[in-house]
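Have a look at the structure below before the remarks.
The values are calculated or read from the model by the stated rules, or taken from the named source; none is laboratory data. In this text, all values refer to a predicted model and were calculated from it rather than measured experimentally. Quick reminder, even Gly has a Cβ in these numbers, built from the backbone with ideal geometry, and neighbours come from all protein chains shown. To get the accessible areas, we keep the full protein, side chains included, count just its heavy atoms, and leave off ligands, DNA and RNA. Shrake-Rupley method; radii C 1.70, N 1.55, O 1.52, S 1.80 Å.
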Amino acid sequence: MTQIQPQIEKAIAEIRSSFPDCQVDAETDGTGGAYVLVHGVPLGPPYVQPNIWVGFQITFQYPYADVYPHFTGTDLARADGRPLGEGLGSATWRGQAATQLSRRSNKLNPATDTAALKLLKVMQWLRTHP
């Protein structure tokens, strides 16, 4: 099986640094990239969950390919009972039912748009999503 490429190992280390209170698991995807699962990501209002897991794949093309999409559990729910809204939908991630967090980077800059920054942006969007 192909090992995780060095630039992706570096991206995983940056995620660990950006989310120091979270457990970050990573395993090879078999092509030089990695499947990443971040446990205990703080969420809170407007959602019921104080913390969620977030999973995604960093492909072997990184940093020239967007880290997209991100996934979380199917139990994601708003505290006000409203539907999740646009950009959030049912999906499957690694063989399990999940909620997809769709936030594509349309103008990817491989010099600045890291996997850690993308996860931070996705979480900020989720917390402020109407």
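Quick look at the values:
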quantity	calculated
Given (1) more than 24 Å from Glu9 (Cα to Cα); (2) within 16 Å of the chain's Cα centre (by Cα), number of the condition Pro46 does not satisfy	(2)
Hits in the range 68-107 - residues which are more than 15 Å from the chain's Cα centre (by Cα) and among the hydrophobic types (A, V, I, L, M, F, W, C)	Ala77, Ala79, Leu84, Ala97
Extreme residue, nearest to Gly95 (Cα to Cα), among residues of the range 1-56 that are open to solvent by 70 Å² or more (accessible area, probe 1.4 Å) and part of a loop (DSSP other than H, G, I, E, B)	Thr31
Conditions (1) under 26 Å from Asp29 (Cα atoms); (2) free of Cβ contacts under 8 Å to residues at least 40 places away in the same chain: number failed by Arg82	(1)
Residue match in the range 68-75 (condition: assigned to a loop (DSSP other than H, G, I, E, B) and β-branched (Val, Ile, Thr))	yes
Pairs, first within 12 Å of Tyr62 (Cβ to Cβ) in the range 4-17, second among the hydroxyl-bearing types (Ser, Thr, Tyr), C-beta under 8 Å, six or more apart	Ile4/Thr28; Gln5/Tyr62; Gln7/Tyr62; Ile8/Tyr62; Ala11/Tyr62; Ala11/Thr114; Glu14/Thr114
Subset tally (residues that are open to solvent by 70 Å² or more (accessible area, probe 1.4 Å) and on the phi > 0 side of the Ramachandran plot) for the range 76-130	2
Flag if Val38 is under 17 Å from Ile8 (Cβ atoms), aliphatic (A, V, I, L, M) and either touching a Ser or Thr at 6+ places or on another chain (Cβ under 7 Å) or modelled with pLDDT of 95 or more (or both)	yes
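Let's see how each residue does on (1) within 16 Å of Val122 (Cβ to Cβ); (2) not β-branched (Val, Ile, Thr):
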| position | (1), (2) |
| --- | --- |
| Glu14 | yes, yes |
| Leu43 | yes, yes |
| Val54 | yes, no |
| Tyr64 | no, yes |
